[in-house]
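Working notes, structure below.
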Amino acid sequence: MESPLISLLVLAGIAVFLILRLRSVLGTREGFEKPPVAPTQKRSNGPDLEVIEGGPDRDITDYVEEGSDQAKALAAMKRVEPSFQVGEFVQGARSAYEMILMGFEKGELDDIQGFLAEDVFDSFVEAVAQREDQGLTIEAEFIGVRETAVVDAIFDETTGVAELTMRFIGEMTSVVRNREGEIVEGDAKAIKRQKDIWVFARSMGVDDPNWQLVATDG
């Protein structure tokens, strides 16, 4: 029978061997290791932008002068209806301009009636009826909008009614033909520029989000 002392020495030798092998593979750790250094991020050459709480609302100042009556009216609209965005309105008005203008030129008023105040719709109907009585038809093609701008903004805090006046400069081609199909006005190949001042209105803070055209000044 082997001596217990010899067995212990053998086991101790094996333990020392294993410890040395582990140290050679895993290395050693002393104290708290520093966290791995994150890769250096490439810095932008431009200045850092800092958002200052309480600063100007760019959604307003992008379209009207800061501190103007128009800016104050737009801010009041936002207080009543926080989801209202001037930028979204301007884009919607731009699309509505093309749709309403071409609906009038072609005499297709049923498609645009919902976007017009009653008196504006009645004036459109009268104008189209006069053209038809004279045997005139209009052939028009919309090219695009060169300019869209907020001219004025008014908000009645008592009634909650907002009015936004927009200036549009559009480009289109159009010709007017008589009953015989002859061109009596315009040129199908000539692009004409048209300037319009339109006023849109709606009640803020209500479920109906649609603006209506309440006045035109071409």
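Just so it is clear, none of the values below were taken in a lab; they were calculated from the coordinates. Being a predicted model, the structure only gives us computed values, none of them experimental. Here the Cβ is made from the backbone with ideal geometry for all residues, glycine too, and neighbour counts use every protein chain on show.
Model label points for Lys72 and Ser95, set 7 angstrom from Cα along the Cα-to-Cβ axis, are 3.4 nm apart. Amide H contacts under 5 Å for Ala215: Val199, restricted to partners 5 or more places along the chain or on a different chain, H placed in the peptide plane at 1.01 Å from N. Distance between the 7 Å Cα→Cβ label points at Leu136 and Ser203: 3.9 nm.
Need the full-extension length gain, Asp62 to Asn178, defined as separation in residues times 0.36 nm minus the C-alpha distance. One decimal, nm.
The Asp62-Asn178 span can extend by a further 37.2 nm.
Couplings for the stretch 115-126, taken from phi via the Karplus curve 6.51 cos²θ - 1.76 cosθ + 1.60 with θ = phi - 60°, read 9, 10, 5, 4, 5, 5, 4, 4, 5, 5, 4, 5 Hz in order; Gly and Pro are left as x. Simple spin-label estimate for Ile191 and Val151 gives 2.3 nm between the two label positions (7 Å along the Cα-to-Cβ direction from each Cα).
Remark: relative contact order (the stretch 58-217) = 21 percent; criterion is Cα-Cα distance under 8 angstrom and separation of 6 or more residues.
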